[in-house]
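Everything on this sheet refers to the single structure shown next.
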Amino acid sequence: MNFLLPSVLVLSVTLLLAAPNPIRSELIDIFQQSRMCNDINSNENGVFTTYHHCLHFATWKLSVDGVCTISMYSNKTLTLTPQGNVPVDPTNGVPQCSKTPCGVFTQNVVDCSVAFDEEHLAQLE
């Protein structure tokens, strides 16, 4: 009987040490977006024109177990009413995205499907 208690203790400690440790994971998931639009009206030589200008920005910070990235989205659009010549800007209406490790200041330009998952892309459309 005296050997039973130490044997149980040794067996218990052995089982505790051999058991897999629960993995502690850390998750930070922050998504923010904003849209700003304004209209500028002009009347030149009796022609009434409205310039409709919109800016859409979004930032997604994701950190999983210490691996942190910041994804950024920007889309600017300029339209005219009545339709006319929009100033040449190859990014007009074309989303621009980047995905960069946290703490790095030079943005890595990537396709928006690389920078954002489907859930967040759906919110941006």
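Read-outs throughout are calculated quantities, based only on the coordinates presented, and are distinct from any laboratory measurement. Values in this document were obtained by computation on a predicted structure and should not be read as measured data. Note that each Cβ is placed from the backbone with ideal geometry, even for glycine, and that neighbours are counted across all protein chains shown.
So here's what we get for this one:
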item: ³J(HN,Hα), Karplus 6.51/-1.76/1.60, whole Hz, each residue of region 108-118, x for Gly, Pro; result: 9, 6, 9, 5, 4, 6, 7, 6, 10, 7, 4
item: Rh (Kirkwood; distinct C-alpha pairs) - region 23-124, Å; result: 15.8
item: HN-Hα J in Hz across region 28-34 - Karplus 6.51, -1.76, 1.60, θ = phi - 60°, x for Gly and Pro; result: 10, 9, 10, 10, 9, 8, 8
item: Cα→Cβ-extended label distance, 7 Å offset, between ILE30 and THR77, nm; result: 2.9
item: Under 16 Å from the TYR51 label point (7 Å along Cα→beta-carbon), backbone N, region 88-102; result: 88-90, 92-93
